[in-house]
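J.: Take this structure, written in structure tokens, and hold onto it; I'll ask about it next.
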Amino acid sequence: MNLKDIIRNVPDFPKKGIQFKDITTLIQDREAFRESIDWMISLYKDKNIGKVVAVESRGFIFGAPLAIAIGAGLALVRKKGKLPSETLSVKYQLEYGEDELEMHRDTIKKGEKVIIVDDLLATGGTTLAAVQLIEKVPAVISGICFLIELEGLRGRDRLSGYRVESLVKYEGD
């Protein structure tokens, strides 16, 4: 199955010049969604992963079924102010400004093996912030996976030193 044929490309969203990769068309297609999750499972099955760290918000869509399938717990990384208990936080740079991610302080144990899951790797800034949160614990990052990678934005370079996997790759769009 060619997943690129199922992922909708939306030009000029959310602003002019951006070619948005809309995964809603993939997750509403049960076969395409299953293929995506099965691929992620194949990467981490029998690897003794303690937690799947899912990044807000589309990472939750892939993180939850992956965690169940590999017998791991699910840890959520969210934007500041969305989690009700004591958190760890990290600020990171956006194209135009700064943002902050948080994770519950007690969601990952020291030394626990974790993986990070999100829908898309672009510049890598958000994922790098998630890495920094996990390193505060500290835990062992056994891998990072994405449904989509925009290779032209070179986000993988910012994650050097980690095993990074992506299922669908786009060169320039």
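Where a number appears in this text, it was derived from the coordinates with a stated rule and is not lab data. All figures in this text were calculated on a predicted structure; none of them were measured in a lab. Heads up, the Cβs are rebuilt from the backbone with ideal geometry, glycines too, and the neighbour counts pull from every protein chain shown.
J.: In the stretch 62-119, which chymotrypsin sites (Phe, Trp or Tyr not before Pro) fall in coil by DSSP and have 11 or fewer other Cβ atoms within 10 Å? Write out the running numbers ahead of the final one.
T.: On the way: sites: 62, 92, 96; in loops: 96.
Sites meeting the loop and neighbour criteria: 96.
J.: Kindly provide the trypsin sites (Lys or Arg not before Pro) of the stretch 92-122 that DSSP labels as loop, not H, G, I, E or B, and whose Cβ sees at most 10 other Cβ atoms within 10 Å. Intermediate results must be reported in sequence, preceding the final value.
T.: Details: sites: 105, 109, 110, 113; in loops: 105, 109, 110.
Counting only loop positions with at most 10 other Cβ atoms within 10 Å, the trypsin sites (Lys or Arg not before Pro) in the stretch 92-122 are 110.
J.: Subtract the Cα-Cα distance of residue 135 and residue 30 from 0.36 nm times their separation in residues, and report this length gain in nm to one decimal. Kindly include the intermediate steps, with their values, before the conclusion.
T.: Numbers: separation 105, 0.36 × 105 = 37.80 nm, distance 3.52 nm.
Gain on extension, residue 135 to residue 30, equals 34.3 nm.
J.: How much FRET efficiency would the formula 1/(1 + (r/R0)^6) give for residue 18 and residue 162, where r is the Cβ-Cβ distance and R0 is 35 Å, rounded to 0.05?
T.: Details: r = 26 Å, r/R0 = 0.75.
So the FRET efficiency works out to roughly 0.85.
J.: May I pose another question? Do the alpha carbons of any pairs in 21/79; 4/51; 15/169 sit beyond 25 Å of each other, and which pairs?
T.: Numbers: 21/79 21 Å; 4/51 29 Å; 15/169 22 Å.
In this structure, 4/51 lie more than 25 Å apart at Cα.
J.: Compute the distance in nm between two label points, each set 7 Å from the Cα along the Cα-to-Cβ direction, one at residue 151 and one at residue 69.
T.: With each label placed 7 Å out from Cα toward Cβ, I get 2.4 nm.
J.: Among 50, 65, 104, which residue has its Cα furthest toward the positive end of the charge dipole of the stretch 38-117, with +1 on Lys/Arg Cβ and -1 on Asp/Glu Cβ?
T.: 50
J.: Can I ask one more? Under 1.5 on a/c is rounded, so check that first for the stretch 9-108, then, if it is not, pick prolate when a/b is larger than b/c and oblate when it is not; a ≥ b ≥ c are the square roots of the alpha carbon gyration tensor eigenvalues.
T.: Details: a/c = 2.50, a/b = 1.04, b/c = 2.40.
Note, shape of the stretch 9-108 comes out oblate.
J.: Separate question: Would you mind telling me the antiparallel percentage of the DSSP bridges in the chain, rounded to 5? Numbers along the way, then the final one.
T.: On the way: 14 of 37 bridges.
The antiparallel proportion sits near 40 percent.
J.: By how many nm would the segment from residue 38 to residue 80 grow when fully extended, if each residue of separation counts as 0.36 nm and the alpha-carbon distance is taken off?
T.: Taking 0.36 nm per residue and subtracting the Cα distance, the gain is 12.0 nm.
J.: Just the C-alpha atoms of the chain: what Rg/Rh do they give, with Rh taken as the Kirkwood radius?
T.: On the way: Rg = 15.6 Å, Rh = 16.4 Å.
For the chain, the value is 0.95.
J.: Something else now. For Cα pairs less than 8 Å apart in space and 6+ apart in sequence, what is the mean separation divided by the residue count of the stretch 107-154, i.e. the relative contact order in percent? Intermediate values should be presented prior to the final figure.
T.: Numbers: 65 pairs, mean separation 26.3, N = 48.
It comes to 55 percent, rounded to a whole number.
J.: Which residue, chosen from 75, 172, 120, occupies the Cα position most advanced towards the positive end of the dipole of the chain, where the dipole is computed from +1 (Lys, Arg) and -1 (Asp, Glu) charges on Cβ about the Cα centre?
T.: Comparing the listed Cα positions along the dipole, 75 ranks first.
J.: Put +1 on the Cβ of each Lys and Arg and -1 on the Cβ of each Asp and Glu in the chain; which of 93, 11, 137 then has its Cα farthest toward the positive end of the dipole?
T.: Value: 137.
J.: Give me the dipole magnitude in Debye, nearest 20, for the stretch 72-173 about the Cα centre, with unit charges on the beta carbon: positive for Lys and Arg, negative for Asp and Glu. Each step should come with its number before you reach the end.
T.: On the way: 15 positive and 17 negative charges, 94 e Å.
Roughly 460 debye for the stretch 72-173.
J.: Nothing charged except the Cβ atoms of Lys and Arg (+1) and of Asp and Glu (-1): what's the magnitude of the dipole of the chain about its Cα centre? Round to the nearest 20 debye. Could the numbers behind the result be given before it?
T.: Details: 26 positive and 26 negative charges, 91 e Å.
Dipole magnitude for the chain comes out near 440 debye.
J.: Moving on. Hey, with R₀ at 45 Å, roughly what FRET efficiency would residue 1 and residue 109 work out to, going by the Cβ-Cβ distance, to 0.05? If you can, show how the numbers build up before the last one.
T.: Working: r = 38 Å, r/R0 = 0.83.
Efficiency, rounded to the nearest 0.05: 0.75.
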